[in-house]
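Undergrad: Below is one structure. I have some questions about it.
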């Protein structure tokens, strides 16, 4: 039972993280936009499945010059095809639209919003959580009932097997 609880807790934390990321992506749609300029973009060659671009851009909010490094609200890694596309379409000194958090203008992103595919990960995480919970706790309940029935049967047999004067 402890193992089932640990697995369910892990799925619950993962689902919570996915939902938090999704909601953060959705919130950026309402963030104000301002003009920005790319200072630098580097796509390191890692040879792995994921690439983390190193990005820097400047933007101004209320006369204050700020710098940002987030390409999108939650993810910092891209697959190699996305990284290639980014390096072909974005370079130093390019003008960009920067979305910033009005409550914390130093928090910004170039890409914003959540697409239809962004809801997939939280939905899969929630489905997995429900599935693992149902299977795990269901199996525990069945096992517990079997054990209880076995104990009850043993007690009944023990009483019946005793000779009474």
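Undergrad: Say whether the condition of being more than 24 Å from residue 87 (Cβ to Cβ) and modelled with pLDDT under 80 is met by at least one residue in the stretch 23-43.
TA: Looking for residues that are more than 24 Å from residue 87 (Cβ to Cβ) and modelled with pLDDT under 80, one finds at least one in the stretch 23-43, hence yes.
Undergrad: Could I ask something else about it? Against the condition under 17 Å from the mean Cα position of the chain (by Cα) and exposed (fewer than 13 other Cβ atoms within 10 Å of the Cβ), how does residue 16 come out, does it pass?
TA: Values: under 17 Å from the mean Cα position of the chain (by Cα): yes; exposed (fewer than 13 other Cβ atoms within 10 Å of the Cβ): no.
So residue 16 does not fit the description; no.
Undergrad: Quick one: which of 10, 25 is surrounded by 15 or more Cβ atoms within 10 Å (Cβ to Cβ) and closer than 30 Å to residue 127 by Cα? Give the derivation first.
TA: Numbers: 10 fails: surrounded by 15 or more Cβ atoms within 10 Å (Cβ to Cβ).
The conditions single out 25.
Undergrad: Here is a further query. Please go through (1) assigned by TED's automatic domain parsing to the domain that holds residue 124; (2) closer than 18 Å to residue 107 by Cβ; (3) without any contact (Cβ under 8 Å) to a residue 12 or more places away in the chain for residue 65 and return the number of the only condition it doesn't satisfy.
TA: Going through (1) assigned by TED's automatic domain parsing to the domain that holds residue 124; (2) closer than 18 Å to residue 107 by Cβ; (3) without any contact (Cβ under 8 Å) to a residue 12 or more places away in the chain one by one, residue 65 breaks only (1).
Undergrad: I've got another one for you. Can we say residue 95 is outside the structural domain of residue 19 (by TED's automatic domain parsing), loosely packed, with under 11 Cβ neighbours inside 10 Å and within 25 Å of residue 26 (Cα to Cα)?
TA: Details: outside the structural domain of residue 19 (by TED's automatic domain parsing): yes; loosely packed, with under 11 Cβ neighbours inside 10 Å: yes; within 25 Å of residue 26 (Cα to Cα): yes.
For residue 95, the condition - outside the structural domain of residue 19 (by TED's automatic domain parsing), loosely packed, with under 11 Cβ neighbours inside 10 Å and within 25 Å of residue 26 (Cα to Cα) - is met.
Undergrad: Can you confirm whether residue 57 is within 18 Å of residue 112 (Cβ to Cβ), buried (at least 17 other Cβ atoms within 10 Å of the Cβ) and outside the structural domain of residue 127 (by TED's automatic domain parsing)?
TA: Values: within 18 Å of residue 112 (Cβ to Cβ): yes; buried (at least 17 other Cβ atoms within 10 Å of the Cβ): yes; outside the structural domain of residue 127 (by TED's automatic domain parsing): yes.
It is true that residue 57 is within 18 Å of residue 112 (Cβ to Cβ), buried (at least 17 other Cβ atoms within 10 Å of the Cβ) and outside the structural domain of residue 127 (by TED's automatic domain parsing).
The values are calculated or read from the model by the stated rules, or taken from the named source; none is laboratory data. Since this is a predicted model, take the numbers as computed values, not measurements. In this analysis, Cβ positions are derived from the backbone assuming ideal geometry, glycine residues included, and neighbour counts consider all displayed protein chains.
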